[in-house]
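Undergrad: Questions regarding the structure given below will be posed in turn.
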Amino acid sequence: MERITWDTPLGGFPGVGAARQRALAKLGLERAGDLLTFYPRRYEDRRTVWPIAQAPVGVDCCVAVTVTRPAVLSRIPGGRQIVRCTVSDDTAALELTFFNRPFAQKALRTGGRYILFGKIDLFGGRRQMVNPTVEDAARPKLAGTIVPCYPLTAGLSNGQVMAWVRLAVEGCLDQLAETLPDQVLAQAQLPGIQWACAQIHFPKDPAALEQARRRMAFEEFFYLTVGLGVLRKRRETHRGAPLTAGGRADFEPLLPFALTGAQRRVIDECAADLSGDVPMNRLVQGDVGSGKTAIAAFCLWRAAKSGAQGAMMAPTELLAHQHFETLRALLEPDHVAVALLTGSQTPAEKRAIKKALAAGDIQVVVGTHALLSQGVDFRDLALAVVDEQHRFGVNQRSALAAKGRHPHLLVLSATPIPRTLALILYGDLDVSILDQLPPGRTPVETYLVSEAYHPRLYKFVDKLVDQGRQVYIVCPAVDESEAAEGDPTLRSVTQYARHLAEAVFPHRRVAFVHGKLRPAEKEAVMAAFAAGEVQVLVSTTVIEVGVDVPNAALMVVENADRFGLSQLHQLRGRVGRGKHQSYCVLVSNNKNPETRARLKALCATTDGFAIAQADLDARGPGDFFGARQHGLPTLHPSSLWADVRLIQQAQQTAQALLETDPALTLPQHQLMWPRLRQLFAENPDVFN
Ligand code: ADP
Ligand code: MG
């Protein structure tokens, strides 16, 4: 085989045929260089080989053994094959059981010496191991090392992937370019990229692995901060149109309610921004139900009163409809023309609205991403509002803004994020927080129950539906296959919905929705629920985002321990939006005291920011970086290795660098550009 370089196609690797090449491509791996940044998900520490009697119980470990009684293959009812064998060393005996691994019988010669890796359990005073991995004691490859475990897909084994990664590391590690300036590496005491990459794949010890991970995670947040900082600086040089007409006092009488103190404060912050010629770039974070729409309404109204136009983009048709109805009711009495633009309108309707927008006859338009399409032009777009922003990427934000000449931007988000993280994740935005709910809400009553409670829970559902209410039931998995991959005890949407519809609520209308359905199907089910045609909706977390069904009064979350607190809080926010007393029931059989304490904390408070902080303290910042959660560039999985201190260090280092070189023009900073462009690749115009 020829020498492997960065660009060697994986098809040229030993043992990679067409099928495996396809499997690798599914993981995003096509060339040798791709393997270098394909990091292990976890590791097996096989450095110590234990005597049987001293080996720890209940955790994976290696033992060196001799086969003392021959391996026997038998069948058990259900067609499963089982191999049993007894092994020992000077200290004790160990019984091995292999399920569905008939080849184990031949692999284990009586009298042969092997190193096993697996978990020892005590069963009636005897030591047992189920399905250990077996290596020849004379030629162990894995025993004595820390073994990387890669995220796999069907048709690939960890051993193969490991071997290919090793070839790639040997062949092209020297082509992996350092992008962090020397000064940054020195200041933050980070190892170089090549050493770190080698250690991530094949760590020599846990300390080296930790250092390597620190470096990779640091890099992720360093570049995020630098990138967002450059964006912000650039935007501050833009000049837009100040929107000065229309003060809060003239707006408040249009509302059917009195603003909360927090709403007044945030409206004033927006008004100050809008009055300037540097375009506003503001994120308003507020818990579900905190009244963010009123903030948007104020800004849109002010744009109209100032003789310009405003646009509001929502992630779904249903939400766009709801906003349209709300804004029309508020603003039309004050002679502001409001229109709706979505993909499902007829071509004639769309044409008429586009014409009116271009002519300036419509001042406020609400829509879905249809607003971004070609041919939607404004006479004078001075304000862009993006609702529930974590469903949109930075690029869509700027695509909407591109419809005007540096318009003001308002972003609304219902995902409370602790301040320390918000400053980084939203580094290019100013942040306002709506930390007060409108008065007169009855807080949602939250309970934690075990699965044994189901019969009573079903009765409760029945009672609420009899009263005319509607119910959400959320499950962690989509279907059986997804549940089986993760954990067979998980409830899945399709299976549970079928069970509920057939066996529990045959007299009710039960529907289900999940992310694998086509968008039109999803919207249709959600619309039927919003219209009251469906009484029990079984779903995954796809219903998390913004839909307002005030008649829904119960949120049931199955396998609640599988969700982060913030996510559970978001789900709970789907109920309690109307005048009815509402309930959230968390179902979990998990007995882990920490898990129970976490879930109990949710029963005790409804303050989203307090919950987010608790989540951060208990689970680290990883949950907050979930793919696209925040409309940011997708972060590399290595971001999950960061802790809050490391993130702050990366941020401070990045800010110090930007202070000395705001536009990154110094020669020693040129090496950063390729990495920045790559991070914001979805938004190519940003850095060119
Ligand atoms: P969110 O922040 O989740 O987008 P909304 O703007 O949809 O919240 O507001 C939720 C509900 O609260 C709406 O029915 C809205 O009319 C109502 N609301 C908003 N502000 C107030 C207020 N200051 N007083 C009373 N009700 C309010
Ligand atoms: Mg909202």
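The values are calculated or read from the model by the stated rules, or taken from the named source; none is laboratory data. Note that the structure is a prediction, hence the values are computed from the model and not measured. Because the Cβ atoms are built from the backbone with ideal geometry, glycine has one as well, and the counts that use them run over all protein chains shown. Ligands, DNA and RNA are excluded from the accessible area calculation, which covers all protein heavy atoms including side chains. Shrake-Rupley method; radii C 1.70, N 1.55, O 1.52, S 1.80 Å.
Undergrad: Within region 582-626, which residues are within 16 Å of LEU425 (Cα to Cα) and either more than 23 Å from the chain's Cα centre (by Cα) or open to solvent by less than 70 Å² (accessible area, probe 1.4 Å) (or both)?
TA: Applying the first criterion (within 16 Å of LEU425 (Cα to Cα)) to region 582-626 yields 609, 612-613, 616, 620-626.
Correct list: PHE609, ALA612, LEU616, GLY620, PRO621, GLY622, ASP623, PHE624, PHE625, GLY626.
Undergrad: Another question about this same structure. Of all residues being in contact with a Pro (Cβ under 9 Å, 6 or more places away or on another chain) and open to solvent by 10 Å² or more (accessible area, probe 1.4 Å) in region 261-277, which is nearest to ligand 1 (Cβ to nearest atom)? Just the residue, please.
TA: Step one: list which residues in region 261-277 are in contact with a Pro (Cβ under 9 Å, 6 or more places away or on another chain), which gives 263, 273-277.
Now narrow it down to the ones that are open to solvent by 10 Å² or more (accessible area, probe 1.4 Å): 273, 275-277.
On the way: ASP273: 19, SER275: 23, GLY276: 25, ASP277: 29 Å.
Ranking the qualifying residues of region 261-277, first place goes to ASP273.
Undergrad: For LEU209, state whether it is open to solvent by less than 30 Å² (accessible area, probe 1.4 Å), in a loop (DSSP other than H, G, I, E, B), in contact (Cβ under 8 Å) with a residue 12 or more places away in the chain and of a type in the set (A, V, I, L, M).
TA: On the way: open to solvent by less than 30 Å² (accessible area, probe 1.4 Å): yes; in a loop (DSSP other than H, G, I, E, B): no; in contact (Cβ under 8 Å) with a residue 12 or more places away in the chain: yes; of a type in the set (A, V, I, L, M): yes.
No; evaluated as a whole, the condition is false for this residue.
Undergrad: Evaluate region 4-27: report whether one residue or more is open to solvent by less than 30 Å² (accessible area, probe 1.4 Å), assigned to a loop (DSSP other than H, G, I, E, B), hydroxyl-bearing (Ser, Thr, Tyr) and modelled with pLDDT of 90 or more.
TA: Checked against the condition, which is being open to solvent by less than 30 Å² (accessible area, probe 1.4 Å), assigned to a loop (DSSP other than H, G, I, E, B), hydroxyl-bearing (Ser, Thr, Tyr) and modelled with pLDDT of 90 or more, region 4-27 yields at least one hit.
Undergrad: Would you check which residues across region 278-294 are of a type in the set (D, E, K, R) and either over 31 Å from the mean Cα position of the chain (by Cα) or away from ligand 1 (no atom under 12 Å from the Cβ) (or both) and list them? First the steps, then the outcome.
TA: Of all residues in region 278-294, those of a type in the set (D, E, K, R) come to 282, 287, 292.
Matches in region 278-294: ARG282 only.
Undergrad: So which pairs qualify, if the first residue must be in region 672-688 and open to solvent by 20 Å² or more (accessible area, probe 1.4 Å), the second must be modelled with pLDDT under 55 and of a type outside the set (D, E, K, R), the Cβ gap must be under 8 Å, and the two must be at least 6 apart or on different chains?
TA: Listed by first residue and then by second, the contacts come to TRP673/PHE687; ARG677/PRO684; ARG677/PHE687; ARG677/ASN688.
Undergrad: Output the number of the condition that THR442 fails; it satisfies all remaining conditions of (1) within 16 Å of ligand 2 (Cβ to nearest atom); (2) out of contact with any strand residue (DSSP E or B) (no Cβ under 8 Å at 6 or more places or on another chain); (3) within 30 Å of ARG264 (Cβ to Cβ).
TA: (1)
Undergrad: Those residues that are small (Gly, Ala, Ser) and assigned to a strand (DSSP E or B), I need them from region 52-71; list them, please. Working first, answer last.
TA: Here is the first cut: in region 52-71, the ones small (Gly, Ala, Ser) are 53, 55, 58, 64, 71.
Those that are small (Gly, Ala, Ser) and assigned to a strand (DSSP E or B): ALA64, ALA71.
Undergrad: Name the pairs: first residue in region 290-308 and more than 9 Å from ligand 2 (Cβ to nearest atom) and of a type in the set (Asp, Glu), second residue open to solvent by less than 10 Å² (accessible area, probe 1.4 Å) and outside any helix (DSSP H, G or I), Cβ to Cβ under 8 Å, at least 6 apart or on different chains?
TA: none
Undergrad: Then there is this: From the list PHE222, PHE218, pick out the single residue that is assigned to a helix (DSSP H, G or I), touching a Ser or Thr at 6+ places or on another chain (Cβ under 7 Å) and among the aromatic types (Phe, Trp, Tyr). It would help to see each step written out before you state the result.
TA: Working: PHE218 fails: touching a Ser or Thr at 6+ places or on another chain (Cβ under 7 Å).
One residue alone meets the criteria, PHE222.
Undergrad: Which of the residues belonging to region 314-338 are among the aliphatic types (A, V, I, L, M), out of contact with any helix residue (DSSP H, G or I) (no Cβ under 7 Å at 6 or more places or on another chain) and buried (at least 21 other Cβ atoms within 10 Å of the Cβ)?
TA: First pass over region 314-338, keeping only residues among the aliphatic types (A, V, I, L, M): 314, 318-320, 327, 329-331, 336-338.
With the extra rule that they be out of contact with any helix residue (DSSP H, G or I) (no Cβ under 7 Å at 6 or more places or on another chain), the set shrinks to 319-320, 329, 337.
Of everything in region 314-338, those that are among the aliphatic types (A, V, I, L, M), out of contact with any helix residue (DSSP H, G or I) (no Cβ under 7 Å at 6 or more places or on another chain) and buried (at least 21 other Cβ atoms within 10 Å of the Cβ) turn out to be LEU319, ALA320.
Undergrad: Just to be sure I understand, how many residues within region 295-309 are within 28 Å of the chain's Cα centre (by Cα) and either surrounded by fewer than 24 Cβ atoms within 10 Å (Cβ to Cβ) or more than 10 Å from ligand 1 (Cβ to nearest atom) (or both)? Quick ask: steps written out before the conclusion?
TA: Applying the first criterion (within 28 Å of the chain's Cα centre (by Cα)) to region 295-309 yields 295-296.
Now drop any that are not either surrounded by fewer than 24 Cβ atoms within 10 Å (Cβ to Cβ) or more than 10 Å from ligand 1 (Cβ to nearest atom) (or both), which leaves none.
Of the residues in region 295-309, 0 are within 28 Å of the chain's Cα centre (by Cα) and either surrounded by fewer than 24 Cβ atoms within 10 Å (Cβ to Cβ) or more than 10 Å from ligand 1 (Cβ to nearest atom) (or both).
Undergrad: So is LEU341 among the hydrophobic types (A, V, I, L, M, F, W, C), under 16 Å from LEU243 (Cβ atoms) and either open to solvent by 20 Å² or more (accessible area, probe 1.4 Å) or under 31 Å from the mean Cα position of the chain (by Cα) (or both) or not?
TA: Details: among the hydrophobic types (A, V, I, L, M, F, W, C): yes; under 16 Å from LEU243 (Cβ atoms): no; either open to solvent by 20 Å² or more (accessible area, probe 1.4 Å) or under 31 Å from the mean Cα position of the chain (by Cα) (or both): yes.
In short, no.
Undergrad: Taking VAL83 and the conditions (1) outside the structural domain of TYR114 (by TED's automatic domain parsing); (2) buried (at least 16 other Cβ atoms within 10 Å of the Cβ), which numbered condition does it fall short on, given that it satisfies the others?
TA: Result: VAL83 passes all but (1).
Undergrad: Same structure, new question: How about region 480-500: which of its residues are open to solvent by 40 Å² or more (accessible area, probe 1.4 Å) and at pLDDT 90 or above?
TA: Once the filter is applied, which keeps residues that are open to solvent by 40 Å² or more (accessible area, probe 1.4 Å) and at pLDDT 90 or above, region 480-500 yields ARG491, GLN495, ARG498, HIS499.
Undergrad: Further question on the same structure: Among (1) more than 16 Å from ligand 2 (Cβ to nearest atom); (2) within 30 Å of the chain's Cα centre (by Cα); (3) surrounded by fewer than 23 Cβ atoms within 10 Å (Cβ to Cβ); (4) not in a helix (DSSP H, G or I), where does ALA245 come up short?
TA: (2)
Undergrad: When you go through TYR39, TYR43 one by one, which is the residue that is outside any strand (DSSP E or B) and of a type in the set (Ser, Thr, Tyr)? Lay out the reasoning, then the answer.
TA: On the way: TYR43 fails: outside any strand (DSSP E or B).
The match here is TYR39.
Undergrad: Which of the helices (runs of 4 or more DSSP H) contained wholly in region 317-413 include at least 2 residues that are within 16 Å of ligand 2 (Cβ to nearest atom)?
TA: Passing ranges, in order: 317-331.
Undergrad: Can I ask one more? Return the only residue of LEU383, LEU410 being within 16 Å of ligand 1 (Cβ to nearest atom) and either farther than 30 Å from ILE433 by Cα or not β-branched (Val, Ile, Thr) (or both).
TA: On the way: LEU383 fails: within 16 Å of ligand 1 (Cβ to nearest atom).
On inspection, the qualifying residue turns out to be LEU410.
Undergrad: What helices (runs of 4 or more DSSP H) completely inside region 94-193 contain at least 2 residues that are open to solvent by less than 40 Å² (accessible area, probe 1.4 Å), over 23 Å from VAL49 (Cβ atoms) and among the hydrophobic types (A, V, I, L, M, F, W, C)?
TA: Numbers: elements: 104-107, 158-172, 182-188.
In region 94-193, the matching helices (runs of 4 or more DSSP H) lie at 158-172, 182-188.
Undergrad: If you go through region 214-224 one residue at a time, do you hit one that is within 29 Å of the chain's Cα centre (by Cα) and open to solvent by 20 Å² or more (accessible area, probe 1.4 Å)? If you could, list the steps in order and put the result at the bottom.
TA: Narrowing region 214-224 to residues within 29 Å of the chain's Cα centre (by Cα): 214-224.
Add one more test, that the residue is open to solvent by 20 Å² or more (accessible area, probe 1.4 Å), and what stays is 214.
Checking region 214-224: at least one residue is within 29 Å of the chain's Cα centre (by Cα) and open to solvent by 20 Å² or more (accessible area, probe 1.4 Å).
Undergrad: So for region 149-166 (the condition being hydroxyl-bearing (Ser, Thr, Tyr) and more than 30 Å from VAL644 (Cα to Cα)), does at least one residue qualify?
TA: Of region 149-166, the ones hydroxyl-bearing (Ser, Thr, Tyr) are 150, 153, 157.
Pick out the ones that are also more than 30 Å from VAL644 (Cα to Cα) and you get 153, 157.
The answer is yes; a qualifying residue exists.
Undergrad: How about region 266-289: which of its residues are out of contact with any strand residue (DSSP E or B) (no Cβ under 8 Å at 6 or more places or on another chain) and either more than 19 Å from GLY307 (Cα to Cα) or within 16 Å of ligand 2 (Cβ to nearest atom) (or both)? Lay out the reasoning, then the answer.
TA: If we filter region 266-289 for residues that are out of contact with any strand residue (DSSP E or B) (no Cβ under 8 Å at 6 or more places or on another chain), which is where we start, we get 267-268, 271-272, 275-278, 288-289.
Of everything in region 266-289, those that are out of contact with any strand residue (DSSP E or B) (no Cβ under 8 Å at 6 or more places or on another chain) and either more than 19 Å from GLY307 (Cα to Cα) or within 16 Å of ligand 2 (Cβ to nearest atom) (or both) turn out to be ILE267, ASP268, VAL288, GLY289.
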